[in-house]
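Notes for the one structure printed next.
Throughout, read-outs are computed from the coordinates displayed, never taken from laboratory work. All of these numbers come straight from a predicted model, not from anything done at the bench. Cβ sites come from the backbone with ideal geometry, for glycine too, and all protein chains shown count toward neighbours.
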Amino acid sequence: MKQVIFFAILFASIMVYASPTIKKDDDKANIEGHIFDAKTKIPTEYVSIGIKGTSIGTVSDINGNFMMRGLKPGKYVLVFTCVGYQNVEKEVLVLKDETEHVHVELQEAKKLMDEIVVSANRVETSRKEAPIIVNVLSDKTFQQSNAQDVSQALPFQSGVRVEYNCQNCGFPQVRINGMEGPYSQILIDSRAIMSSLGGVYGLEQIPVNMIDRIEVVKGGASALFGSNAIAGTINIITKEPINPSYSISTDLSSIGMKAYAQNFNSNAVVISKDQKAGASFYQTFRKRNPFDYDNDGFSEIGKLDVFSFGTKSFFKINNTNKITLEYHTTKETRRGGDMFDFQPHLSNICEMTDHNIHSGGLSYDYISLDAKNRYSVYASGQYIDRDSYYGSNQDPNAYGKSKDFTLLLGTQGSNKIDNLIFLPASLVYGLEYSSNELHDEVKGHNILTNQKTNVYGGFGQVEWSSKTINFLLGGRLDKHNLIKNPIFSPRLNALYKPTENLQMRISYASGYRAPQAYEEDFHLTQVGGLSLRTFLAENLKPEYSNSLSFSLDYYLQLGDNYQTNLLFESFYTDLDDVFALKVIESDTINNIMIQERYNASGAVVKGISLTGKLTYKDLYSITLGYTLQSSKYKEIQFWSEDSKVEGTDQMLRTPNNYGYTTFSISPIKPLDISLTGTYTGKMKVPHFAGYIENDRIETTPSFFDLNLSLAYSFSLSKSTGIKLSVGMKNILDSYQNDFDKGINRDAGYIYGPMQPRTVYLGLNLFSN
């Protein structure tokens, strides 16, 4: 009930601002025009034309023509956007009962042109003008790497690694600046609806065909997005319904010449004739057979069956008011271990999950005609219903049931002020309420976790801007039901632009991670039939971080053909009150363990990242990224329950150096050739007894995961195209070769590339 009342108050408050500005259009005026390629003089179709500061828009037809009717007389700024072309803004004056004619030439886009991002300050901002560095992964990267989900796309960013942490279940984890998954906040359209349970397999459950782009921000971001944003944030921006289109694709893969995987995807966008309503749809189906690398009868890559469907739609009430609705659902079954043709409890080892996931959101947005005032009210949520089995030795009591519900309600406003104290400024502020209810139970082992959290938060920031200097001051105040005192998370950012092509940034930000009883890797303990209970220590404090960063971002145009971008980043994060677990009671006879989550010492993570990009016309582009870092605890940490095993101050599973590369070339226009790769240096990995006699720390070899993709596109008709693709992942087959074997193996002892050498074929039918 409190949530309903809260949301009603938020909605009413926004309507107070929005309603007075809605006026009847008594006078009518029109704009019509023609758009063509500046070089070829060919008419350009499917160009998006919008009136700046409003939701009014249309799309050019196959002859490059467009029309806007029923406008109020006055002066407007038209914005023309189209993939492959530079954005154009054109000022137009229209008079009562007249039609203004506009002709626009579009120039070919620069490959390293500026991008629009939202993760820097919660509103759309030019990347060059953003107060912090926002790295963007686009559809081009997804295609180059043949990525099917978020986990396969993320490694192609400096300071970011993705790893699998279990041979049985295939649990993927992202690490930003070396810190493990729970320290990163995963957002969908800037909404934090991914719970601790949802984050276990969430990266692999989000298909790339629902994604427009992925924005990655490194460093503390709790001032913007609340809990868990210590290492950074991953903001998944879903596709907007803009231009009518469709796409159908499928590919077939052979994993190590032993197992097969198949993917089938489809997308469609429909737009009303008056451009006031539209919807995008996506569907994906994935099927993967289990893969056994060392022929011991136990899988290294689990079996997977996934079906996903989603839609995002909008309705424009008028020129300034818009409603957006989205819905996503995923049905996933995954299983690892052995004896896949038998019921889970008849296997020697089995980790199986059956997920039913439903998520979505509703938002109302108002934009004033002068684009200076924006207000929104939103509600988002995710519901997970999961059946599971984590057991060994044909244990009939290892079946579990989980239900998880996350709700986010909020309001946000932004205002542009011509002069605030000494400079033009932008204000962003808002209120949010979030809740999560988790019920996780394994009745046969008497394991029960009931976790309820409620957070009330408010945020605000002011950014002063000039031609050469931007300065931002902001903060967020959260009241968490598991934390006694409110948590304040400040941020301070400065951007200096000595030239048009050079940006220097320095930032301070804090982050926090709230205590919780449920952790992602609890299933590893349950597989042995252990009844596990976890309690939070009395007066448990949140983990808290202070982060400093400095960056240099330089763009250089060499003539008309070459473009370069060089990015240098340095980071320093001081983490206090790190969460740790200790066993307070262990009953080996009845297989019962009671553990307590407490605050241990802190940690320091520091390092530098270098990223270089080079493009030459449409012919080729190359990107190189490298990260050098140190990740250490302030005190020795003991990772093993065996008292004879020495502790370490090193963060485990974190290499000191790692990087990536992408290279693409188009020797002829229909043909695209891409090479992508990730490098991981040596690192220390825990190896638990079972297959080996005693717990020990292993130093892994370095490895390079190189991928090749070839794609050829041609037209079937004026409106339909087809693309054929073939490729090979992990060409060098740099796959881990020292897996444990048999029923007593340590399934968490996995560190190499996600899969061995894999060959794939693909077919894509799409609208031109």
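For segment 757-768, 3J(HN,Hα) computed residue by residue from phi via the Karplus equation (6.51, -1.76, 1.60; θ = phi - 60°) reads 4, 9, 10, 9, 10, x, 9, 9, 10, 8, 7, 7 Hz, glycine and proline entered as x. Dipole check for the chain: with +1 at the C-beta of Lys and Arg, -1 at the C-beta of Asp and Glu, and the Cα centre as origin, the magnitude is about 1780 Debye.
If R0 is taken as 51 Å, the Cβ-Cβ distance between residue 556 and residue 766 corresponds to a FRET efficiency of 0.90.
For segment 602-705, what percent of Cα pairs sit more than 15 Å apart?
Tail fraction, whole percent: 72.
For segment 117-134, backbone nitrogen atoms closer than 14 Å to the point 7 Å from residue 371 Cα along Cα-to-C-beta are found at 117, 124-127.
For segment 121-186, just say rounded, prolate or oblate: build the C-alpha gyration tensor, square-root its eigenvalues into a ≥ b ≥ c, call rounded for a/c under 1.5, and beyond that prolate if a/b exceeds b/c, oblate if not. Cα axes put segment 121-186 in the oblate bin.
Taking a straight line from the alpha carbon of residue 741, these lysines sit under 19 Å away, with near neighbours fewer than eight places off in the same chain left out: 258, 303. Take the alpha carbon gyration tensor of segment 435-514, find the square roots of its eigenvalues, order them as a ≥ b ≥ c, and report rounded if a/c is under 1.5; if not, report prolate when a/b exceeds b/c, else oblate. Taking the square roots of the gyration eigenvalues as a ≥ b ≥ c, segment 435-514 is prolate. Ranked for footprinting exposure by Cβ neighbours inside 10 Å, fewest first, 301, 193 give 193, 301.
Once the piece of chain linking residue 140 and residue 448 is laid out straight, how much longer is it, given 0.36 nm per residue of separation minus the C-alpha distance between them?
That works out to 106.4 nm of additional length.
For segment 24-106, the Stokes-Einstein estimate of translational diffusion at 37 °C and a viscosity of 0.692 mPa s comes to 255 µm²/s, using the Kirkwood hydrodynamic radius over alpha-carbon pairs.
If I model a spin label as a point 7 Å beyond the Cα along the Cα-Cβ vector, how far apart are those points for residue 638 and residue 724 in nm? Placing both labels 7 Å along Cα→Cβ, they lie 6.4 nm apart.
Of 128/718; 541/634; 582/682, which pairs sit farther than 26 Å apart, going by alpha carbon to alpha carbon? Pairs exceeding the cut-off: 128/718; 582/682. Looking at segment 24-106 alone, DSSP beta bridges between its own residues are antiparallel in about 70 percent of cases. Ranked for footprinting exposure by Cβ neighbours inside 10 Å, fewest first, 409, 197 give 409, 197.
For segment 354-462, the Kirkwood hydrodynamic radius from C-alpha pairs, put into Stokes-Einstein at 10 °C and a viscosity of 1.306 mPa s, yields a diffusion coefficient of 91 µm² per second. From the Cα gyration tensor of segment 116-233, with a ≥ b ≥ c the square roots of its eigenvalues, which class applies: rounded if a/c is under 1.5, or else prolate if a/b is larger than b/c, or else oblate? Verdict is oblate for segment 116-233. Of the cross-linked pairs 273/316; 684/729; 52/72; 90/322; 218/617, those separated by over 21 Å at the C-alpha level are 684/729; 90/322; 218/617. Compute the long axis of helix 2-18 from its Cα atoms, compare it with the longest principal axis of the Cα atoms of the chain, and write down the angle in degrees, 0 to 90, nearest 10. In the chain, helix 2-18 runs at an angle near 20 degrees to the longest axis.
The local environment of residue 333, defined by Cβ-Cβ distances under 14 Å, has a net charge of +1 under the rule Lys, Arg +1 and Asp, Glu -1. The distance between label points at residue 717 and residue 583 comes to 6.8 nm (points 7 Å beyond Cα on the Cα→Cβ vector). For the chain, dividing the convex hull volume of the Cα atoms by the residue count gives 155 Å³ per residue.
Given R0 = 60 Å, the distance between the Cβ atoms of residue 692 and residue 439 translates into a calculated FRET efficiency of 0.95.
Short-range pairs are left out: with C-alpha atoms under 8 Å and at least six residues apart, the relative contact order of segment 234-767 is 8 percent. Which residues in segment 434-470 have a backbone N closer than 12 Å to a point placed 7 Å from the Cα of residue 477 along the Cα-to-Cβ line? Hits in segment 434-470 for residue 477 at 12 Å: 457-460. Multiplying the residue separation of residue 502 and residue 649 by 0.36 nm and subtracting their alpha-carbon distance yields 49.1 nm. Working from label points 7 Å from Cα in the Cα-to-Cβ sense, the residue 671 to residue 67 distance is 4.5 nm. In terms of surrounding Cβ atoms within a 10 Å radius of their Cβ, 139, 618, 746 rank from fewest to most as 618, 139, 746. Shown is the FRET efficiency for residue 618 and residue 126, computed with R0 = 22 Å from the Cβ-Cβ distance and rounded to the nearest 0.05: 0.40.
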